[in-house]
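Each remark here refers to the structure printed beneath this line.
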Amino acid sequence: MNNGKPLLSVRGLTTEFTTPEGKIARALEDVSFDVMPGQTIGLVGESGSGKTTTLMSLMRLLPAGGRITAGKVMFNDTNLLALSEREMRDYRWKSMAIVFQGAMNALNPVMKVGDQIHEAIMLHNLMDEDAAEKRVKDLLEMVGIARTRRDQYPHQYSGGMRQRAMIAMALACAPDLLFADEPTTALDVMIQAQVLQLLREIQKSLGLAIVLVTHDLGVVAEVCDSVVVMYGGKVAEYGTADHIYNEAQHPYTQKLLEAFPDVSKPGDTLASIPGTPPRLTNLPPGCRFEPRCHLKIEKCSQVNPPLLEVSPKHYVSCILREGAEADL
Amino acid sequence: MNQTPMLEVRGLYKYFPVHQALADSLMRRPHSNVKAVDDVSFSLARGEVLAVVGESGCGKTTIARTLIGLEALTKGEIVFDGKLVNAHSQQPHIGLKQLRKRAQMIFQDPYESLNPRATIFEIVAEPLVVHGMIKDRKERVAAVKSALDDAGLRPAEDYFMRYPHELSGGQRQRVVIASAMVLQPELLIADEPVSMLDVSIRAEILNLLRDLRQKRGISIVFITHDLSTVAYFADRIAVMYLGRMVEIGPAREVLQNPQHPYTKALISVAPVPNPRLRRERVILQGETPNPINLPSGCRFHPRCPVAVDMCKENDPQLIELKQGHQAACLLVTKS
């Protein structure tokens, strides 16, 4: 299924912010990956690694002070970065929709949940009032919320239900691509499992492509076909889930996996990564991970390694990657 | 070695009364209660790490708060080092202030549990001031320095005059740990100490707690909803559901040979970081019921995948299955 044309193709995406002090923070640098139709891709990384900024850049919803300075974002055959704001609006919700982080607070507390979904449909002039009303209830049912709860307010919903309602709202205009930003982070393990199961089900029935942003490597392993590991605003490693979890080549990916506790291996020791992620206003000149890397060599502090293919569909940005001896 | 358990909890109940409408109280309708903790007993040996696991609303945080005296208990006994906590009886007892000198708590959110206007030195030294310990300025500086050092903030002097907002989440949680450890407590109660932290930093904090326990022989009650974290360093695991303990036993035993259907479900949904090991999950439908109106019989029966008729009527008690491994389920029998 991965042999076809990508639904979304991101190439060399670079985003910068101007801080209130007037400094330039490079939040994303040279980010590239593909999303195939019907595929789930995971964007993993720690806070500040650029996961959410990537989503916001793709949706062109960057906050004030942020701008995309380079790159191309192809959605089918259209470069989204070349569209006017007016044209871009046609793509949001209808072609690509987003489930925002913190579902607890993303719903309007003084508006009935059903009305909020209804509004999203009507704003895009997709159908008349009656059809939209039916669609609201169908969507709620699809995410496992009783039709009768359409007229309730967010505070009458539990956390898991609010997250489901957010997903229903994102699906309102039948998008081809769904961005989910930490959709399970604030939820209990059991509710998390329910939401992930729901995402898998709707993906299957609607043929949706999903970009899942999370810091939880376990969640990614459970649901993603391919994985982008981000560090300091760059892609550290990108490949199929199997590449990342079983053949990781970037030292950061390797350490991250060792640091993740595994319920199936009680008593295992956990590796930790000393130090903290880099400040985006003061990035190291060479590799972003160099100050914390356990395998670094002298050259790492001078060369900013590009993302290169080490085997089909497996990309690594590290000068110590396999088969790189020739470059050294 | 001292054989007296560090902590013994016997028949602990904590009910929170629900606010009653005026009409209801005029009609003399009975008061209802949120049964946050409903008859829980366990003990903790010296140097042991007990993990208390469960979903939100299962009563795990209430237990932690009750242990350290932040909530008055409704019924039951807490015995710390052989002495009844806060009792007015003839028995040997220990007051709350004494208790808090020897037992300390670490809270979940390092962004909210530090005073933003105090320096790191003031924060870590405060417990010493409160308990009137170490009056000498030089000795106090030394105590703070060694606590920060132990918590992995080195060189400690560099942190003395800094404020919490200058530190990262991981560093803040280290300050929280340092200010708990400055009193050299024997018992640490950690309420989700790593759930707000990034993965790489999470491992550091867990390693730090593990080291402290090995070096100091400190006992830890570790409260969490995340079984994977627990697998890593608990000696025993207690699983809670709706105010009750449903299973307790040695960590490996509980994780590899779980008996209660709730424990089995929890383990099956804990994500495993390997796509080659995607497993069959037992995903419980619905959510934890309201702890005001508890289900009849076994309180897990409405969501239990294997419930039978008798589960609606009989409330199961913990029974010992193997040495130290207990479960409360009508369908589980002694092997």
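For the stretch B:25-41, name all the residues that are out of contact with any Leu (no Cβ under 6 Å at 6 or more places or on another chain) and farther than 17 Å from residue B:290 by Cβ. Before the answer, list the steps.
Of all residues in the stretch B:25-41, those out of contact with any Leu (no Cβ under 6 Å at 6 or more places or on another chain) come to B:25-36, B:38-39, B:41.
Hits for the stretch B:25-41 are B:25, B:26, B:27, B:28, B:29, B:39, B:41.
Scanning the stretch A:217-245 for residues that are at the interface with another protein chain (Cβ under 7 Å from one of its Cβ atoms) and either without any contact (Cβ under 8 Å) to a residue 60 or more places away in the chain or surrounded by fewer than 24 Cβ atoms within 10 Å (Cβ to Cβ) (or both) returns A:218, A:219, A:221, A:222, A:241, A:242, A:245. Give the residue, chosen from B:186, B:247, that is at pLDDT 90 or above, among the acidic types (Asp, Glu) and closer than 30 Å to residue B:155 by Cβ. Only one candidate qualifies: B:186.
When the residues of the stretch B:89-107 are filtered to those that are at pLDDT below 85, part of a loop (DSSP other than H, G, I, E, B) and open to solvent by 70 Å² or more (accessible area, probe 1.4 Å), the one that is farthest from residue B:192 (Cα to Cα) is B:90. Each residue in the stretch A:150-167 was checked for being free of Cβ contacts under 8 Å to residues at least 40 places away in the same chain and away from chain B (no Cβ under 14 Å), and 2 of them qualify.
Kindly provide the set of residues from the stretch B:261-281 that are more than 11 Å from chain A (Cβ to nearest Cβ) and under 14 Å from residue B:55 (Cβ atoms), ordered by number. Explain how you work it out, then say what you get.
Within the stretch B:261-281, the first condition is being more than 11 Å from chain A (Cβ to nearest Cβ), and the residues that meet it are B:261, B:263-264, B:280.
The one that is more than 11 Å from chain A (Cβ to nearest Cβ) and under 14 Å from residue B:55 (Cβ atoms): B:263.
Just checking, which of B:66, B:61 is in contact with an Asp or Glu (Cβ under 7 Å, 6 or more places away or on another chain), in contact (Cβ under 8 Å) with a residue 40 or more places away in the chain and in a helix (DSSP H, G or I)? Reasoning before the result, please.
On the way: B:66 fails: in contact with an Asp or Glu (Cβ under 7 Å, 6 or more places away or on another chain).
Sole residue among the options that is in contact with an Asp or Glu (Cβ under 7 Å, 6 or more places away or on another chain), in contact (Cβ under 8 Å) with a residue 40 or more places away in the chain and in a helix (DSSP H, G or I): B:61.
Checking the stretch B:223-231 against the condition returns a match, with at least one residue being at pLDDT 90 or above and either buried (at least 23 other Cβ atoms within 10 Å of the Cβ) or more than 13 Å from chain A (Cβ to nearest Cβ) (or both). Among the criteria (1) of a type in the set (A, V, I, L, M, F, W, C); (2) within 12 Å of chain B (Cβ to nearest Cβ); (3) under 20 Å from the mean Cα position of the chain (by Cα), the one residue A:190 does not fulfil is (3).
Among the conditions (1) farther than 29 Å from residue B:289 by Cα; (2) within 14 Å of another protein chain (Cβ to nearest Cβ); (3) touching an Asp or Glu at 6+ places or on another chain (Cβ under 9 Å), residue A:184 misses just one, which is (1).
Looking at the stretch A:33-111, what helices (runs of 4 or more DSSP H) fall wholly within it and have at least 2 residues that are under 17 Å from residue A:180 (Cβ atoms)? Write out each step before concluding.
Working: elements: A:51-59, A:85-91, A:103-106.
Output list reads A:51-59, A:103-106.
Among the residues making up the stretch B:287-316, those that are within 25 Å of the chain's Cα centre (by Cα) and open to solvent by 40 Å² or more (accessible area, probe 1.4 Å) are B:287, B:288, B:290, B:292, B:293, B:294, B:315.
The values are calculated or read from the model by the stated rules, or taken from the named source; none is laboratory data. This one's a predicted model, so the numbers in the text were calculated from it and none came from an experiment. Note that we place each Cβ from the backbone using ideal geometry, even for glycine, and neighbour counts take in every protein chain shown. All accessible areas refer to the heavy atoms of the entire protein, side chains included, with ligands and DNA or RNA removed. Shrake-Rupley method; radii C 1.70, N 1.55, O 1.52, S 1.80 Å.
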